[in-house]
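The values are calculated or read from the model by the stated rules, or taken from the named source; none is laboratory data. A quick note: this is a predicted structure, and the numbers were derived from the prediction, not measured. Ideal geometry is used to build each Cβ from the backbone, glycine not excepted, and the neighbour counts take in all protein chains shown. Note: accessible area is taken over every heavy atom of the protein model, side chains too, but ligands, DNA and RNA are not part of it. Shrake-Rupley method; radii C 1.70, N 1.55, O 1.52, S 1.80 Å.
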Amino acid sequence: ANWARDLVHNPTLVSAVKDALNDDNILCWSTDINAKFSGTGGFYSWHQDSTYSGLEPSDKVLTAWVALSPSKKESGCLRFIPQSHSEQLPHNEVPSDSNLLSLGQVIPQDILDTVIAKSGEIDPLEAELEPGQASLHHWKCVHSSGVNSSDYDRIGFAIRYMSASVKNVKSVCRERATLVCGDPGDSWDIEPDIQEEYGDKEWNEHKISMELERKNYFQDSQLTHFK
């Protein structure tokens with residue numbers, strides 16, 4: 001969709017991403033809409049985005065979370081544990097209809113307690129955002145978001161940016177990525193441009209891209225689709 005493409009290529013956002021990754025060659029691995037509707041009980045457990053992706057080096061990958069509606073404590077905004085990005089942590093899979101993570105992945109409580117103690121913070125950092133604002137977090141930063149107990153829907157657009165030098169080390173197939181700026185490198189096939197918004201060809205290309213991503217992401221799981 002044109003609106004999504006425009007957000008991914010937003011000059012202010014891309015400039016911040018280039019600074020954070022210290023690279024002028026930027027790709028977008030994936031995007032999705034994060035919707036937590038008022039009163040539905042959905043949440044995201046404590047996890048690291050890096051756990052199943054296979055993207056390395058992780059220091060060259062980040063998630064930009066763009067608020068499309070107010071994202072406050074009451075509506076379940078993102079919350080982060082500072083200084084939690086230094087290592088990959090073990091995760092358990094606890095399937096749940098309420099957990100909006102596809103595999104129900106969660107960091108065990110004893111490990112989480114240790115990470116929080118090391119951070120020196122009593123409480124996680126709450127990333128409250130107004131519509132149009134965005135947060136950036138490291139691929140291994142431990143984060144979560146609670147239920148939406150407000151009377152409004154919490155909608156965000158998650159964009160996974162990476163340096164063109166990043167590779168998928170667990171891939172069973174070659175994936176696609178969107179060129180944002182600079183040199184695309186040689187590890188990814190580049191997504192074709194949109195010619196007709198929501199056109200048949202575009203839907204077909206989207207299906208191909210998602211199938212390639214799912215093959216890699218879910219290769220060791222009985223599940224085959226994202227929530």
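Points to keep in mind about this one:
- Among Val61, Val8, Phe80 - extreme Cα towards positive end, dipole of the chain, charges at beta-carbon: Phe80
- Approximate spin-label separation Lys207-Asn2, in nm, with each point projected 7 Å along Cα-to-Cβ: 2.5 nm
- For the residues Val14, Val147, a 1.4 Å probe over the protein chains yields an accessible-area ranking, largest first, of Val147, Val14.
- With every protein chain in place, the chain: carbon and sulfur % of accessible area (1.4 Å): 49 percent
- Computed with a 1.4 Å probe on the full set of protein chains, the accessible area for Tyr198 sits at about 120 Å².
- Kirkwood analysis of the Cα pair distances in the range 94-227 returns a hydrodynamic radius of 18.5 Å.
- Distance histogram for the chain (every C-alpha pair counted, 5 angstrom bins, percent rounded to whole numbers): 1, 7, 13, 18, 20, 19, 14, 6, 2, 0, 0
- Assigned charges on the beta-carbon of Lys, Arg, Asp, Glu; the range 1-144 dipole about Cα centre (debye): 220 debye
- Computed magnitude of the charge dipole of the range 88-227 (debye, nearest 20; Cβ of K, R +1, Cβ of D, E -1): 600 debye
- Here, P(r) means the percent of Cα pairs in each 10 Å bin from 0 to the largest distance; for the range 177-227 it is 22, 40, 33, 5.
- In Å², nearest 10: area of Cys173 left accessible to a 1.4 Å probe: 30 Å²
- Two-decimal Rg/Rh across the range 18-63, once Rg and the Kirkwood Rh are taken from alpha-carbon atoms: 1.07
- Calculated FRET efficiency, Glu197 to Thr224, Cβ-Cβ distance, R0 = 30 Å: about 0.60 to the nearest 0.05.
- Whether the range 45-135 is rounded, prolate or oblate, judged on the alpha carbon gyration tensor where a/c under 1.5 counts as rounded: rounded
- Dipole-positive endmost among Ile116, Phe218, Ala158 within the range 91-227 (Cβ charges, Cα centre): Phe218
- Dividing the convex hull volume of the alpha-carbon atoms in the range 122-191 by its residue count gives 171 Å³ per residue.
- Heavy atoms of the protein chains alone define the surface here; on that basis the range 17-170 has 44 Å² accessible area per residue at 1.4 Å probe size.
- Note on Val66: accessible area approximately 10 square angstrom, rounded to 10, probe 1.4 Å, nucleic acids and ligands left out.
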